[in-house]
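This report concerns only the one structure given below.
The values are calculated or read from the model by the stated rules, or taken from the named source; none is laboratory data. In this text, all values refer to a predicted model and were calculated from it rather than measured experimentally. Methodologically, a virtual Cβ is constructed for each residue, glycine included, from the backbone with ideal geometry; neighbour enumeration extends over all protein chains shown. Accessible surface areas use protein heavy atoms only, side chains included; no ligands, DNA or RNA. Shrake-Rupley method; radii C 1.70, N 1.55, O 1.52, S 1.80 Å.
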Amino acid sequence: MPGLVSWPTNLGGHVAVDRTPAVEGAAAPDAPAPPSRWRRVGPVLALMALAPWTAECSWGGFTAVDALVVVVVLAPMYGGAAVLIRETARRTGGGWPAVVLLAAAFGSVQAGLVDQSLFNPAFLADTEFADTQATANATLVPGLGFSAQQAVDYIGNHIMLSICAPIAIIESFLTPGHRRQPWLGRLGLVVVGALYLLGSLLVFSDDGGRKGFLASPVQLSFAALLTLVLIGAALLPRWRHRPERRQGPERGRGPAGARAPRPIWPALVVLVAYLGTALVTGWIGVGFKAAVAGMAAAVIVAWSRRSGWRQRHVLAAWAAGVVGAAALAYAAPSYKPASPAEALIGDITVSVITIALVGGAFWRLRGRPGR
């Protein structure tokens with residue numbers, strides 16, 4: 001289901017390149033001991049609960065009363081996808097570039113094949129966002145019948161809020177070794193995969209999910225092809241980590257002597273880009289969002305290659321999107337009509353949860369090596 005119209009976050013795809021080997025089993029004299037079963041399952045459950053909240057509630061889409069139901073119902077789909085994407089990237093050694101491309105593939109599946117909001121011109125007609133369809137129609141792609149503006153917004157928000165931000169937040173609560181390891185075995189992957197398929201089927205078949213709309217064969221083929229291209233790109237060998245000889249804990253790949261800035265700077269870059277493009281519409285808006293995202297991505301990728309780039313930088317960049325969404329919640333209506341009091345309570349609840357999650361994650365990183 002689409003979130004609030006906002007910055008496309010293609011930037012997020014290149015944020016925070018993790019340079020440490022991610023493939024479990026790589027021989028290393030100081031490799032951490034395998035975590036206990038609970039230490040592997042605990043983060044999975046946390047990620048499955050957080051992903052639907054950041055995807056659908058962090059921007060004010062639901063009141064505080066409805067949010068819990070949304071998290072429970074949508075956890076198999078959103079949470080299952082986040083866990084599978086994270087596990088795939090960690091097992092293949094793809095790091096954040098792979099996570100972002102797989103997140104974009106999830107956005108294509110979700111908006112194009114599952115709820116089909118990308119192709120359904122009446123998808124928002126029964127919500128408080130019905131008046132946004134007029135501006136979306138101004139960017140219709142000939143022959144395919146979808147709005148370029150909505151494609152950028154829907155898929156972009158799935159990248160940032162549905163997948164990448166919750167992964168970065170949950171991983172920040174873990175030790176560096178546990179952060180880089182897969183959490184699930186084969187049985188666990190099968191169970192989570194089944195939950196994801198069942199959750200997606202629930203949305204596809206429910207009256208409030210796909211809303212009785214069925215895209216044309218051409219549209220479905222386009223979404224499926226885009227998904228396959230993105231998955232193929234995510235699995236390219238170029239994203240896999242390569243062991244590096246290190247001459248010290250702070251060695252990086254950037255210019256000699258150049259150090260990564262303080263985490264506040266990547267956070268500000270993402271936040272300004274997110275908020276600065278949130279209300280821009282039309283073809284000009286689509287181009288503006290792409291340009292801003294590209295420039296922000298270039299800056300952050302350059303910073304991520306410097307020495308001293310750590311998990312706190314990763315967290316700062318991704319969490320900035322959630323902070324921006326929580327700030328915009330006060331200006332955005334919920335899907336369903338709500339009284340001013342209900343809306344305000346919901347927005348305040350979002351702010352409190354966001355502060356607790358982001359603040360707690362940064363607190364956990366204090367004093368840890370590789371933080």
**Message:** As an exercise: evaluate Gly370 against (1) under 23 Å from Gly61 (Cβ atoms); (2) modelled with pLDDT under 95; (3) not polar (S, T, N, Q) and give the number of the one condition it does not meet.
**Reply:** (1)
**Request:** State which residue pairs qualify: first residue within 15 Å of Ser162 (Cβ to Cβ) and inside segment 187-201, second residue of a type in the set (Val, Ile, Thr) in any location, beta carbons under 7 Å apart, and separation of 6 or more residues or different chains.
**Result:** Ser200/Val114
**Prompt:** Could you say which residue among Gln133, Gln150 is assigned to a helix (DSSP H, G or I), open to solvent by 20 Å² or more (accessible area, probe 1.4 Å) and of a type outside the set (Asp, Glu)?
**Reply:** Gln133
**Message:** Just to check your reading of the model, which residue among Ala327, Ala332 is open to solvent by 40 Å² or more (accessible area, probe 1.4 Å), touching a residue at least 12 places away in the same chain (Cβ under 8 Å) and of a type in the set (A, V, I, L, M, F, W, C)?
**Reply:** Ala327
**Request:** Six or more apart or on different chains, Cβ under 7 Å: which pairs go from a residue in segment 106-118 that's assigned to a loop (DSSP other than H, G, I, E, B) to one that's polar (S, T, N, Q)? Could you list them?
**Result:** Leu118/Gln150
**Request:** Hand me the list of helices (runs of 4 or more DSSP H) wholly inside segment 156-213 holding 1 or more residues that are more than 20 Å from the chain's Cα centre (by Cα) and among the hydrophobic types (A, V, I, L, M, F, W, C).
**Result:** 186-205
**Item:** One residue from Trp363, Trp309 being in a loop (DSSP other than H, G, I, E, B) and either in contact with an Asp or Glu (Cβ under 7 Å, 6 or more places away or on another chain) or open to solvent by 10 Å² or more (accessible area, probe 1.4 Å) (or both)
**Value:** Trp309
**Prompt:** Is one or more of the residues making up segment 276-294 closer than 21 Å to Ile167 by Cβ, at pLDDT below 90 and within 20 Å of the chain's Cα centre (by Cα)?
**Reply:** yes
**Item:** Set Arg179, Arg90: member being at pLDDT below 90 and under 23 Å from Leu357 (Cβ atoms)
**Value:** Arg179
**Request:** Give Trp59, Trp53 a once-over and let me know the one that is assigned to a helix (DSSP H, G or I), over 22 Å from Leu230 (Cβ atoms) and out of contact with any strand residue (DSSP E or B) (no Cβ under 7 Å at 6 or more places or on another chain).
**Result:** Trp53
